[in-house]
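Structure record follows, encoded as structure tokens.
The values are calculated or read from the model by the stated rules, or taken from the named source; none is laboratory data. Source: prediction; values computed, not measured. Glycine also receives a Cβ, built like all others from the backbone with ideal geometry; neighbour counts cover every protein chain displayed. Accessible surface is based on the protein model in full, side chains and every heavy atom, while ligands, DNA and RNA are left aside. Shrake-Rupley method; radii C 1.70, N 1.55, O 1.52, S 1.80 Å.
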Amino acid sequence: MRLVLVGPPGAGKGTQAQFIASNLSIPKISTGDIFRANVSGGTELGKLAKTYMDRGDLVPDEVTIAMVRDRLSEDDAQDGFLLDGFPRTVPQAEILRDMLKDWGQKLDLVLELVVDDEEVVRRLAGRRTCSQCGRIWHVEFDDKRDDVCDACGGTLFQRDDDKEETVRHRLEVYQQQTAPLIRFYADEDILVGVDATGPVEEVTQRAMKEIRPYAG
Ligand code: AP5
Ligand code: MG
């Protein structure tokens, strides 16, 4: 199964990706997570990406595409994958399509997580991420009063780009550069929209209902 999750910042892509990928036994590949790992590791890629991420802008296509090409070439991605946060521009989507075609592969499904801007700002303001296992939490919805991950005991952190001003800019960037992908994938006839409001488990169930017919 080759699957893409799209949706605005805070729609719950990372949250749903962790459950969907484990359900389908495929690797979850999140470009945001890979960039953040490079930023913490102080790599050249991380230094470059950080200048864009801190502003809420997209990292240039050629940098992102090269990184994804490397990741998709790894052994564990040969029988399927779930992409979270990529593609994010129409040129990225075109190159992904051509790259997969060269490898005799294609996407099975693109799942759009649908949620409004107000909910997005609420979700991102309270987001915390585990520095050890990467699990995503919410201070209010998960009733997280301490900074400890209930899954692994790691310390939780707040992302630098979750300040309200940066979140608003990321939403504008989404509308301008990423929303056109919805039409692109609708034209390719592989787009399905899922209502991403309500409890996390319900959203996962709705998503899995759409995915199962394609999962073989
Ligand atoms: P990235 O990390 O991908 O950020 P994003 O797309 O802005 O998405 P988020 O991670 O903010 O939101 P999400 O949809 O994953 O929501 P989450 O599940 O965490 O990218 C960061 C940056 O990297 C970009 O700005 C860019 O600079 C760069 N980048 C990445 N990919 C790129 C690309 N392809 N090209 C160029 N640049 C790229 O959920 C949010 C919160 O809500 C959490 O606290 C969660 O617990 C809570 N929540 C989730 N679901 C629910 C629910 N159903 N009910 C209540 N709360 C919920
Ligand atoms: Mg995410």
(message) Please report the carbon-and-sulfur percent of the accessible area for segment 87-216; probe 1.4 Å, protein heavy atoms only, DNA, RNA and ligands left out.
(response) 45 percent
(message) Calculate the FRET efficiency for I182 and E119 from the Cβ-Cβ distance with a Förster distance of 22 Å, rounded to the nearest 0.05.
(response) 0.75
(message) Check which residues have an amide H placed less than 5 Å from R2's amide H, if you skip close sequence neighbours.
(response) F81, D108, L109
(request) Work out the length of the dipole vector of the chain about its Cα centre, built from +1 on the beta-carbon of each Lys and Arg and -1 on the beta-carbon of each Asp and Glu, and round it to the nearest 20 debye. (result) 200 debye
(request) List the lysines whose Cα lies under 30 Å from the Cα of K101, skipping any in the same chain that are fewer than 8 positions away. (result) K13, K28, K209
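Going highest first, how would you order 167-173, 13-19, 74-80 by mean Cβ packing within 10 Å?
Numbers: 167-173: 17.6, 13-19: 21.9, 74-80: 12.4.
Descending packing order for the listed peptides: 13-19, 167-173, 74-80.
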(request) Report ³J(HN,Hα) in whole Hz for each residue of segment 3-10, in order, from the Karplus equation J = 6.51 cos²θ - 1.76 cosθ + 1.60 where θ = phi - 60°; Gly and Pro get x. (result) 10, 10, 9, 10, x, x, x, x
(request) Taking the dipole about the Cα centre of segment 1-139, with the C-beta of Lys and Arg at +1 and of Asp and Glu at -1, give me whichever of L24, A11, P87 is farthest to the positive side. (result) A11
(message) Can you find, among I136, W103, L113, the residue sitting farthest towards the positive end of the charge dipole of segment 99-149, where Lys and Arg contribute +1 and Asp and Glu -1 at Cβ?
(response) W103
(message) Can you compute the radius of gyration and Dmax for the chain, using only the Cα atoms, both in Å?
(response) 16.5, 49
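State, as an integer percentage, the relative contact order of the chain based on alpha-carbon contacts under 8 Å between residues 6 or more apart. Working shown, then result.
On the way: 313 pairs, mean separation 64.7, N = 216.
Contact order relative to length: 30 percent.
Of the listed peptides 207-215, 110-118, what is their order by residue-averaged count of other C-beta atoms within 10 Å, with the highest listed first? Display every interim value, and only then the final one.
Details: 207-215: 14.9, 110-118: 17.6.
Per-residue Cβ counts within 10 Å, averaged per peptide and sorted highest first, yield 110-118, 207-215.
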(message) List the chymotrypsin sites (Phe, Trp or Tyr not before Pro) within segment 93-168 that DSSP assigns to loop and that have no more than 16 neighbouring Cβ atoms inside 10 Å.
(response) W103, F141
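Taking a probe of 1.4 Å, how large is the accessible area per residue of the chain, in Å²? Can you show the working numbers first?
Numbers: 10980 Å² over 216 residues.
Computed with neighbouring chains in place, this is 51 Å² per residue.
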(message) Show me the trypsin sites (Lys or Arg not before Pro) within segment 15-68 that DSSP assigns to loop and that have at most 13 other Cβ atoms within 10 Å of their Cβ.
(response) R55
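Starting from the coordinates of the alpha-carbon atoms of segment 1-41, obtain the Kirkwood hydrodynamic radius over all distinct pairs and give the value in Å to one decimal. Please report the intermediate quantities before stating the final value.
Working: mean 1/r = 0.0895 Å⁻¹.
In segment 1-41 this quantity evaluates to 11.2 Å.
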(message) Quick check: the distance between the Cα centres of segment 5-26 and segment 132-180, to the nearest angstrom?
(response) 14 Å
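Just to confirm the filter: which trypsin sites (Lys or Arg not before Pro) across segment 58-149 are DSSP coil and have at most 14 other Cβ within 10 angstrom of their Cβ? Walk me through the numbers on the way to the answer.
Working: sites: R69, R71, R88, R97, K101, K106, R122, R123, R127, R128, R135, K144, R145; in loops: R88, K106, R135, K144, R145.
Sparse-neighbourhood loop trypsin sites (Lys or Arg not before Pro): K106, R145.
Need one number for segment 23-108: average projected area of the convex hull over its C-alpha atoms, nm². Please list the in-between numbers first.
Numbers: hull surface 24.2 nm².
If you wrap the Cα atoms of segment 23-108 in a convex hull and average its projections, you get 6.0 nm².
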(message) Tell me which of Q158, A215, Q175 sits at the most positive position along the dipole axis of segment 151-216, charges placed on C-beta atoms (Lys, Arg +1; Asp, Glu -1).
(response) A215
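Rounded to the nearest 500, what is the 222 nm mean residue ellipticity of the chain from helices alone, with -39500 (n - 2.57) per DSSP H run of 4+ residues and division by all residues? Can you show the working numbers first?
Working: 9 runs with 97 residues, N = 216.
Result for the chain, helices only: -13500 deg cm²/dmol.
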(request) Give me the orientation-averaged projected area of the Cα convex hull of segment 142-188, in nm², one decimal. (result) 5.6 nm²
(request) Could you pull the Cα extents of segment 118-213 along its three principal axes, largest to smallest, in whole Å? (result) 45, 34, 23
